[in-house]
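This report refers to the structure that appears directly beneath it.
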Amino acid sequence: MQRQFEALSHGAYDLLVVGGGIYGAWTAYDAALRGYRVALVEKTDWAAGTSSASSKLIHGGLRYLEHFNFGLVHHGLTERATLTRIAPHAVDPIRFVIPKYQGDRVASWKMRIGLMLYDVLAGKGQPVAPHDRFDTEELRSSFPYLSTEGLIGGFSYGDCQEDDARVTLEVVAAAQKAGAVVVNHAAVRELVRMDDRVVGGVVEDRFTGAQTTVRARLTVNAAGPWAPALAGGRPAVGAYKLIKGVHLMMPGLPGPKDAFLLTARTDGRVFFVIPWYDHTIIGTTESDYQGDLKDLTVYEDEAEYLLEEANRAMKAANWTRADIRGCFSGVRTLMGGSDGSLSAVSRDFHVRKPAPGLWMPIGGKYTTARGDAEELMDAARSDLGPARRSRRTHQQPLAWAPSGDIGAWRAEAESDARGLGVDESAAAWLVKRHGNRTDEVLDLIRSDPSLGERLHAQTPFLRAEVIFAAAEEMALTLVDVLRRRMPVMLMLQPDAELARATAELMASVLGWDASEIESQCAEALSRWPTISPRP
């Protein structure tokens with residue numbers, strides 16, 4: 001992956017995509033495959049906003065059935081099958097367990113009907129097993145930490161999970177491979193207009209201060225919560241809601257690596273408990289957000305809510321505030337207009353057109369972003385004219401997907417890593433994260449065996465991955481590496497020693513001097529997610 005700021009000034013583009021989250025990435029990739037000339041710019045880093053603050057799932061959204069949103073669920077389940085097919089190294093099946101208790105808001109018979117419908121909407125060729133049922137004794141023996149008071153059995157169903165920031169990065173890499181010009185840390189300072197039509201934007205390199213005007217026949221403002229400000233906050237954008245979600249990172253649970261779908265007793269909301277990178281994610285909350293997007297703090301009452309509800313169902317886990325290893329929060333932009341619960345607010349995808357030549361995606365889900373981007377580009381032919389090629393994203397393996405039998409490839413790649421001294425867990429995660437480029441990371445370890453050591457004992461990431469991120473993955477700041485190339489900042493409390501060790505590794509690639517190392521460390525520590533009192 002190469003940052004291409006200078007290439008932005010090389011003539012006019014068909015499409016300028018603003019925002020390097022999952023929607024911007026898929027839109028740029030889809031357009032480039034069709035043969036359009038595409039520029040993708042992101043003001044900070046790939047997946048720096050909402051796209052690295054999800055629940056890390058590729059799923060249909062079982063809870064949306066309760067609001068009769070069958071189309072959205074079917075769309076998500078269809079995309080689940082597509083994404084596991086084109087990115088089998090990065091998207092893994094995971095079993096969800098739903099323990100049922102006396103007095104639950106959703107009765108067992110209703111849950112069973114919902115799970116049967118989930119299977120039907122998924123159709124054939126899915127990567128997960130259909131739903132099943134647990135009796136009480138099976139749950140007690142398999143998950144001894146579950147609360148048993150009032151336990152009356154339960155269910156299981158399948159979905160998938162991934163590393164949201166890594167998958168976004170890989171889609172950006174695929175877009176560049178398909179011909180798109182991609183630049184992170186490049187901010188659109190203003191839109192360029194000719195009469196009343198948007199014809200591109202003024203883009204500034206945030207490292208050098210250099211500016212260039214990118215002219216494009218169509219501009220897609222995929223900046224998520226930041227999009228309305230760039231569009232000028234015009235009324236034509238339409239009503240929308242900013243919905244904040246919070247997650248906690250906890251120690252891993254013993255036994256089977258299954259996830260749980262639970263219902264909060266205090267307010268009836270659904271939340272997840274999910275194994276991820278040998279840790280456990282609890283989340284998410286949902287609340288209206290009207291604060292500063294630069295200050296997405298996890299508040300103490302939000303953390304206490306998640307801990308209390310998780311401990312109600314998992315009493316023996318007995319998690320306390322001291323067990324919280326990390327946290328993160330994000331904001332989604334959804335269509336407004338609902339006076340009901342936030343879970344009932346539509347996740348459907350819409351495209352607003354606040355000005356001629358300017359399109360703005362609203363709503364949608366991480367899971368459905370590929371299909372939504374395809375729909376957007378189908379409609380964009382009215383502005384861009386016919387595509388020059390017929391290639392589509394669902395027909396192409398993602399950029400780092402291995403060829404051949406995925407199981408055999410994975411076993412061989414993990415064996416190669418272990419042969420170089422990488423521990424078993426870190427080897428497994430390395431292969432999932434890097435796909436067919438794993439051997440390039442291993443080459444670094446072959447040249448320097450110390451790079452095969454973990455960056456930190458509590459995280460399964462290697463020192464070699466820091467070097468690789470700086471050299472090959474367009475990571476230009478310490479936060480790029482510790483927050484998105486590897487989610488260390490989500491799994492640990494602020495750690496100055498770790499920050500410095502990582503910065504020194506990056507400095508060997510990027511040429512940072514002692515002053516820059518200090519600056520990078522200070523910036524990373526100031527942005528490390530922490531839990532704060534509500535003002």
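The values are calculated or read from the model by the stated rules, or taken from the named source; none is laboratory data. None of these values were measured; they are calculated from a predicted model. Every residue, glycine among them, receives a Cβ derived from its backbone with ideal geometry; neighbour counts consider all protein chains shown.
Residue-by-condition table, conditions (1) crowded, with 20+ Cβ neighbours inside 10 Å; (2) under 21 Å from Pro397 (Cβ atoms):
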site: Leu72; (1), (2): yes, no
site: Thr82; (1), (2): no, yes
site: Gln102; (1), (2): no, no
site: Met116; (1), (2): no, no
site: Val120; (1), (2): no, no
site: Gln126; (1), (2): no, yes
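With respect to Gly232, is the statement that it is outside the structural domain of Trp429 (by TED's automatic domain parsing), modelled with pLDDT under 95 and on the phi > 0 side of the Ramachandran plot true? Break it down into steps so the answer makes sense when it comes.
Numbers: outside the structural domain of Trp429 (by TED's automatic domain parsing): yes; modelled with pLDDT under 95: yes; on the phi > 0 side of the Ramachandran plot: yes.
Considered against the rule, which asks whether it is outside the structural domain of Trp429 (by TED's automatic domain parsing), modelled with pLDDT under 95 and on the phi > 0 side of the Ramachandran plot, Gly232 comes out as yes.
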Test: Met491 is on the phi > 0 side of the Ramachandran plot and either assigned by TED's automatic domain parsing to the domain that holds Arg418 or out of contact with any Lys or Arg (no Cβ under 6 Å at 6 or more places or on another chain) (or both): no
Over segment 389-428, the set of residues within 24 Å of the chain's Cα centre (by Cα), crowded, with 20+ Cβ neighbours inside 10 Å and assigned to a helix (DSSP H, G or I) is Thr393, Ala426, Ala427
Any idea which of (1) assigned to a strand (DSSP E or B); (2) at pLDDT below 95 is the one Cys327 doesn't satisfy? (2)
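Looking at Glu162, Glu204, which one is at negative phi, surrounded by 22 or more Cβ atoms within 10 Å (Cβ to Cβ) and modelled with pLDDT of 95 or more? Lay out the reasoning, then the answer.
Numbers: Glu204 fails: surrounded by 22 or more Cβ atoms within 10 Å (Cβ to Cβ).
Going through Glu162, Glu204 in turn, just one is at negative phi, surrounded by 22 or more Cβ atoms within 10 Å (Cβ to Cβ) and modelled with pLDDT of 95 or more: Glu162.
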Would you be able to tell me the number of residues in segment 260-290 that are in a loop (DSSP other than H, G, I, E, B) and either crowded, with 18+ Cβ neighbours inside 10 Å or in the same structural domain as Leu492 (by TED's automatic domain parsing) (or both)? 7
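For segment 417-428, state whether one or more residues are under 19 Å from Val171 (Cα atoms) and either at pLDDT below 95 or among the β-branched types (Val, Ile, Thr) (or both). Quick ask: steps written out before the conclusion?
Restricting attention to segment 417-428, the residues satisfying the condition of being under 19 Å from Val171 (Cα atoms) are none.
So far as segment 417-428 goes, no, none of its residues is under 19 Å from Val171 (Cα atoms) and either at pLDDT below 95 or among the β-branched types (Val, Ile, Thr) (or both).
Matching residues to (1) within 25 Å of the chain's Cα centre (by Cα); (2) at pLDDT 90 or above; (3) not assigned by TED's automatic domain parsing to the domain that holds Trp359:
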position: Thr213; (1), (2), (3): no, yes, no
position: Ala216; (1), (2), (3): no, yes, no
position: Thr219; (1), (2), (3): yes, yes, no
position: Ala223; (1), (2), (3): yes, yes, no
position: Gly245; (1), (2), (3): yes, yes, yes
position: Leu248; (1), (2), (3): yes, yes, yes
position: Leu253; (1), (2), (3): yes, yes, yes
position: Asp258; (1), (2), (3): yes, yes, yes
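For segment 346-372, enumerate the residues that are hydrophobic (A, V, I, L, M, F, W, C), closer than 19 Å to Ala31 by Cα and touching a Lys or Arg at 6+ places or on another chain (Cβ under 9 Å).
Here is the first cut: in segment 346-372, the residues hydrophobic (A, V, I, L, M, F, W, C) are 349, 351, 355, 358-360, 362, 369.
Now drop any that are not closer than 19 Å to Ala31 by Cα, which leaves 349, 351, 358-360, 362, 369.
Once the filter is applied, which keeps residues that are hydrophobic (A, V, I, L, M, F, W, C), closer than 19 Å to Ala31 by Cα and touching a Lys or Arg at 6+ places or on another chain (Cβ under 9 Å), segment 346-372 yields Phe349, Leu358, Trp359, Met360, Ile362.
Rundown of residues vs (1) within 19 Å of Gly21 (Cβ to Cβ); (2) among the basic types (Lys, Arg); (3) out of contact with any Ser or Thr (no Cβ under 9 Å at 6 or more places or on another chain); (4) surrounded by fewer than 21 Cβ atoms within 10 Å (Cβ to Cβ), yes/no style:
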site	(1), (2), (3), (4)
Gln176	yes, no, yes, no
Gly179	no, no, yes, yes
Val188	yes, no, no, no
Val199	no, no, no, no
Report yes if Arg193 is buried (at least 18 other Cβ atoms within 10 Å of the Cβ), charged (D, E, K, R) and more than 30 Å from Met111 (Cα to Cα), otherwise no. no
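Could you please let me know if Lys124 is modelled with pLDDT under 95 and under 29 Å from the mean Cα position of the chain (by Cα)?
Numbers: modelled with pLDDT under 95: yes; under 29 Å from the mean Cα position of the chain (by Cα): yes.
The answer is yes for Lys124.
Name every residue in segment 10-30 that is touching a helix residue (DSSP H, G or I) at 6+ places or on another chain (Cβ under 8 Å) and closer than 13 Å to Val172 by Cβ, in order of residue number. Lay out the reasoning, then the answer.
So in segment 10-30, the residues touching a helix residue (DSSP H, G or I) at 6+ places or on another chain (Cβ under 8 Å) come out as 14-15, 17-23, 25-30.
If the condition is that a residue be touching a helix residue (DSSP H, G or I) at 6+ places or on another chain (Cβ under 8 Å) and closer than 13 Å to Val172 by Cβ, then Val17, Gly19, Gly20, Gly21, Ile22, Tyr23, Ala25, Trp26, Thr27, Ala28, Tyr29, Asp30 are the ones that fit.
In contact with a strand residue (DSSP E or B) (Cβ under 7 Å, 6 or more places away or on another chain), of a type outside the set (Lys, Arg) and in a loop (DSSP other than H, G, I, E, B): which single residue out of Leu248, Leu253 fits that description? Before you say what the answer is, go through the steps one by one.
Values: Leu248 fails: in a loop (DSSP other than H, G, I, E, B).
Among Leu248, Leu253, only Leu253 is in contact with a strand residue (DSSP E or B) (Cβ under 7 Å, 6 or more places away or on another chain), of a type outside the set (Lys, Arg) and in a loop (DSSP other than H, G, I, E, B).
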